[in-house]
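The values are calculated or read from the model by the stated rules, or taken from the named source; none is laboratory data. What you see is a predicted model; the values in this text were computed from it and never measured. Glycine gets a Cβ as well: all are built from the backbone with ideal geometry, and neighbour counts include every protein chain shown.
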Amino acid sequence: MRFDSNLAWRTAHSAILANRDVLLALAGVFFLLPRLAFSLLMPEPPAVQGQSMQAVQAVEAYYGQAMPYIIPMILFQAAGILGILTLFTDRSRPTVGQALTLGAKGVFPYVLAQILLAMAIAMLGGGLIGVAGLMKQPVLAAGGVIVVFMVAIGAYVRLSLVAPVVAVERVYNPVRALMRSWAITRGNGWRIFAFAMLVGVVMLVVMVAAISISGSLGALAGGEEGRRIASAVVTSVLAAMATLYIAGLLAAIHRQLAGPSVDDIMATFE
């Protein structure tokens, strides 16, 4: 089936507006609050200037300290995304509690699928760049980096529907989930990529502008600490809304390419 980006956007936007009360509450609990708490309680990551050993060690130390908080947050947000996807697409019309339970069941298969994908790209990319580097040809090394980058983008686009495959189709085998996403995006990779780029650019522009304005206002009101708090609040709110729309778009794209017909009602929450 040919991917229709306009239809995917209209379907996702309409579903979010029709069920905004429930979805905004879930987005607040699963996306906004964890990110805001992390931003306010953890110091900002160190500014990296150059590639000195001290800068690298500072970054490693920061993420080593933050990792015990980042991993639970990732798992918690993954459960929220899968639960929202279930609400969007499950034709049995589950309650919010049932959808979240089903979402939690798919967290580890979903995260493991992402880890397998990252490992495969790292191994392939590292091998290719390593071979190019052994040839001591800067042009070949640069070409290898470009090829790895393009392969990584293509793989992530083709495997972008792993989350709805896990949540909607109940495919809990990570390898099968990856294969299923690859199959249903066949022939639509470039269209999905172009659509993702457009949505990503728009979201990035909005976030940069909002964070810049809120940071300036916060600095005027409360100095550096005011800037940090204002930026954290605005960033968390916008990131939560962006994640909610991304989940809606993933549900719409999956429904369009894997069926049933998008003319069906996407979801009716109880």
- Taking segment 159-174 and keeping only residues that are touching a Leu at 6+ places or on another chain (Cβ under 9 Å) and either over 22 Å from LEU82 (Cα atoms) or surrounded by 15 or more Cβ atoms within 10 Å (Cβ to Cβ) (or both), one is left with LEU159, SER160, LEU161, VAL162, ALA163, PRO164, VAL165, VAL166, ALA167, VAL168, PRO174
- Query: Which condition breaks for VAL131 when tested against (1) under 30 Å from ALA239 (Cβ atoms); (2) surrounded by fewer than 17 Cβ atoms within 10 Å (Cβ to Cβ)?
  - Reply: (1)
- Quick one: which of ARG191, ARG186 is surrounded by fewer than 16 Cβ atoms within 10 Å (Cβ to Cβ) and within 30 Å of ALA251 (Cβ to Cβ)? ARG186
- Could you tell me which of the residues LEU82, LEU112 is of a type in the set (A, V, I, L, M, F, W, C), under 30 Å from ASP4 (Cβ atoms), part of a helix (DSSP H, G or I) and touching a residue at least 24 places away in the same chain (Cβ under 8 Å)? LEU82
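Each row is one residue, and each column tells you yes or no for (1) at pLDDT 95 or above; (2) buried (at least 20 other Cβ atoms within 10 Å of the Cβ); (3) closer than 27 Å to LEU33 by Cβ.
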site	(1), (2), (3)
ARG176	yes, no, no
VAL202	no, no, yes
GLY218	no, yes, yes
ARG227	no, no, yes
GLY259	no, no, no
ILE265	no, no, no
